[in-house]
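Take a look at the structure below.
The values are calculated or read from the model by the stated rules, or taken from the named source; none is laboratory data. Since we're looking at a predicted model, the values are computed, not measured. Using ideal geometry, Cβ is built from the backbone for each residue, glycine included, and neighbour counts are taken over all protein chains shown. Ligands, DNA and RNA are excluded from the accessible area calculation, which covers all protein heavy atoms including side chains. Shrake-Rupley method; radii C 1.70, N 1.55, O 1.52, S 1.80 Å.
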Amino acid sequence: MMGRVAAAGELPGTPKEEIDTPALLIDATAFEQNIGLGRELFLASGRAYRPHTKTHKSPLIARLQLENGAAGVCCAKLGEAEVMAAAGIGDVLITTPVVGQRKISRLIAIAGRGRVSVVADDRGNVDQLSAGAASAGITLAVLVEVDVGQGRCGVPPGRAGELARRIASSAGLTFEGLQGYNGAIQLLRDFHEREVQARASTERLLEAAESVEDAGLAIGCLTGGGTGTSALDIGLGGLTEIQPGSYVFMDATYRSIEWTAAKAPPPFRPALSLLATVVSRPARDRAIVDVGWKSASVDSGPPVLRDLADARFEFAGDEHGALRFDSGGCPLEVGSKVELDPSHCDTTVNLYDRYLVVREGTVESVWEISARGRTD
Ligand SMILES: Cc1ncc(COP(=O)(O)O)c(C=O)c1O
């Protein structure tokens, strides 16, 4: 499904101050640095990295990540995987179970054309995957999802061997390995707290790996981890493959975590922003902009103003945001442009049809967010 076509104020060559808003911008320089730093950090670790495309939902960015050493990509949903596969992205892991006959038929259709693997944590689901793959005459790679502490999907570590054996003995399936991802700890601000929890998650994953080995099976891959634990996961040595997503953009919440024991900030730079326009100046200490609940995600709080240290952003409706200048006058006029850091990149990206890639103050290119809205 395509959104509306790019308007004049979004085309390459448009100066940043003339971009039509609300708009989702990528800072080309910061983005390229993040991609390069990811390659250095993750590849030097000797682990494979399989970036998560749920962050950017763009086959073009996925391809850049593959060109920078990624082993393949992750997708959260089948719909995202269909977009990636249609764009020729050849190695996709779907990190959420794919359930039900209709969805399994769609999965088999893309698995017949490229390398697609999927996680599972349920015997009945494994049986349905097997029936679908066998009747299509293909082999589908399946990983057992293990609950390593988040309390979301996943079998308990001690049950991983049992499900792995079922996969390995099912027609049309191969047992690929284990996924253990703990999303609840990625954004823990305190470095030590995150380290303790990452260690505990690794131990649970290794316990699961032992249960698979006890069942007489070899493990091809132990995959998991996000941006927040990536450096820790590399040191802990459990995962053979890491799945960072947010490192390409780094939202305001991620920017605030302590990256090291010495409380250094993350090395990745903020590369994504929202551009808004002041549409009203109703009071001395207040400006109203055209970004509200429909153009900035709310799950991690309001976006953060970039260059106005003495003001704060408050949601003021579906299409309105209020900039409050608590300690004095507002320097902005109707028509002024304001830049904001999203509080959560993934959910904000999902609200937009395209990125405007800005270099040295001018729109350089426009990238479609082709998997936007593909939660199916
Ligand atoms: C299974 C899985 N792996 C990796 C990630 C990437 O995490 P992050 O964006 O924190 O790097 C996510 C994000 O939700 C995820 O669900």
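Quick notes on this one:
- Quarter of Cα convex hull surface for region 76-131, i.e. mean projection, nm²: 3.3 nm²
- Lysine pairs in the chain with Cα atoms under 14 Å, if 8 or more residues apart or on separate chains: 4
- Amide hydrogen neighbours beyond the local backbone of Gly220, cut-off 5 Å, H modeled: Gly177
- Relative contact order (percent, whole number), region 113-267, Cα cutoff 8 Å, 6+ residue spacing: 21 percent
- Taking N as its residue count, the alpha carbon Rg of region 173-247 over 2.2 N^0.38 Å: 1.12
- Rg/Rh (Cα only; Kirkwood hydrodynamic radius) as it applies to region 281-376: 1.00
- In this structure, Ala8 and Arg159 have a Cβ-Cβ separation that, at R0 = 51 Å, corresponds to a calculated FRET efficiency of about 0.35.
- For region 222-227, Karplus couplings with θ = phi - 60° (6.51, -1.76, 1.60), whole Hz, Gly/Pro x: 10, 10, x, x, x, 4
- Per residue of the chain, the DSSP helices (runs of n ≥ 4 H) give a summed -39500 (n - 2.57) that works out to -9000 deg cm²/dmol at 222 nm.
- Cα centroids of region 9-85 and region 195-274: 19 Å apart.
- Total formal charge among the other residues, if their Cβ is under 13 angstrom from that of Thr96, Lys/Arg +1 and Asp/Glu -1: 0
- Estimated vicinal HN-Hα couplings, Hz - region 361-376 in sequence order (Karplus 6.51, -1.76, 1.60; Gly, Pro = x): x, 9, 5, 8, 8, 10, 10, 5, 9, 5, 9, 4, x, 8, 8, 7
- Cα Rg over Rh - region 74-170, Kirkwood: 0.96
- With DNA, RNA and ligands ignored, accessible area of Phe31 (1.4 Å probe; Å², nearest 10): 10 Å²
- Euclidean distance between Cα centres, region 296-317 to region 129-194, Å: 37 Å
- Amide H to amide H distances under 5 Å link His320 with Gly292, Trp293, where only residues 5 or more positions off or on other chains count and H is placed in the peptide plane.
- Taken per residue, the accessible surface of region 336-375 reaches 35 Å², heavy atoms only and a 1.4 Å probe.
- For region 227-376, with all protein chains in place and a probe radius of 1.4 Å, 50% of the accessible heavy-atom surface sits on carbon or sulfur.
- Model label zone, Asp310; criterion: amide N under 13 Å from point 7 Å along Cα-to-beta-carbon; scope region 261-292: 285-286
- Overall form of region 235-277 per C-alpha gyration tensor (a/c, 1.5; a/b vs b/c): oblate
- Per-residue ³J(HN,Hα) for region 238-247, Karplus 6.51 cos²θ - 1.76 cosθ + 1.60, θ = phi - 60°, Hz, x for Gly and Pro: x, 6, 9, 8, 10, 10, x, x, 5, 4
- Using only the C-alpha atoms, the convex hull of the chain corresponds to 135 Å³ per residue.
- His192 - accessible surface, heavy atoms, 1.4 Å probe, Å² rounded to 10: 100 Å²
- Amide H within-cut-off set for Glu364, under 5 Å, with H built and near neighbours excluded: Gly13, Val357, Val358, Arg359
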